[in-house]
Amino acid sequence: MGAPIMYEPSFTDTELDEQIKNALKAAIEGDCDYYNQLVAVLYRKELVTEEVALLVTCLKAVTGSVRYIDIIHHRTLLGAILGMSLWDYGTDVMDALAELLVHLASSRGEYVDLCLEMLVINFMPPTSPSSTSYFVDILKQSHGLTKKNQVLDRVHSTLLKIARMSPVHSPRKLEKIVIDRMPNIKMREHVRSFL
């Protein structure tokens with residue numbers, strides 16, 4: 001008898017919260033059935049309405065379980081979370097992901113750099129191998145400017161929340177990450193003065 005399939009919406013929110021905690025604990029002991037299902041939910045990109053609701057619920061459940069995340073045993077989960085792009089989702093998923101990043105960054109301090117880096121990457125939409133002007137292509141779409149504003153509002157507010165929780169280290173870390181990850185910025189001193 002295998003594990004129930006997590007992406008079939010058969011759990012209540014409370015049951016899913018408990019399932020996530022148990023999956024994280026079990027993965028440390030080598031039982032990865034539920035853990036792998038959770039990771040699979042986070043990796044899905046093309047979503048129908050029910051799957052969006054499940055993704056939001058999973059992100060919220062993981063937010064409540066960040067203290068159980070282990071950098072060694074849960075690398076795949078961390079990769080799935082940090083590999084998500086705000087540009088790929090609607091506002092419900094963006095908000096849940098932003099909240100997860102804040103909690104992850106504040107959990108033990110191990111994930112601050114990873115969360116800051118993920119947010120900095122989201123200043124620009126993901127690149128497309130078929131188009132070098134992907135950003136311009138997005139802005140030309142009818143909802144392009146709206147999407148840009150939705151994403152950047154969340155990136156800025158999440159960066160601010162993380163910086164407030166770690167006021168001594170975050171600005172310096174963020175400055176280095178911005179300079180390293182956005183090499184096309186020609187006026188690095190301008191970036192430093194902004195931070």
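The values are calculated or read from the model by the stated rules, or taken from the named source; none is laboratory data. What you are looking at is a predicted structure, and each value in this text was computed from that prediction instead of being measured. Virtual Cβ from ideal backbone geometry, glycine too; neighbours counted across all protein chains shown.
The table below lists the values:
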| item | result |
| --- | --- |
| Only one of Lys60, Lys45 that is basic (Lys, Arg), touching an Asp or Glu at 6+ places or on another chain (Cβ under 8 Å) and surrounded by 18 or more Cβ atoms within 10 Å (Cβ to Cβ) | Lys60 |
| Residue within segment 40-49 that is closer than 22 Å to Leu174 by Cα and assigned by TED's automatic domain parsing to the domain that holds Glu18 present | no |
| Those residues of segment 70-79 which are buried (at least 20 other Cβ atoms within 10 Å of the Cβ) and more than 13 Å from the chain's Cα centre (by Cα), in sequence order | His74 |
| Yes/no for Glu110 being at negative phi and either assigned by TED's automatic domain parsing to the domain that holds Arg154 or outside any helix (DSSP H, G or I) (or both) | yes |
| Of residues in segment 80-101 being modelled with pLDDT of 95 or more and not hydrophobic (A, V, I, L, M, F, W, C), the one surrounded by the most Cβ atoms within 10 Å (Cβ to Cβ) | Asp95 |
| Residue tally, condition farther than 25 Å from Pro126 by Cα, part of a helix (DSSP H, G or I) and out of contact with any Ser or Thr (no Cβ under 8 Å at 6 or more places or on another chain), over segment 56-92 | 2 |
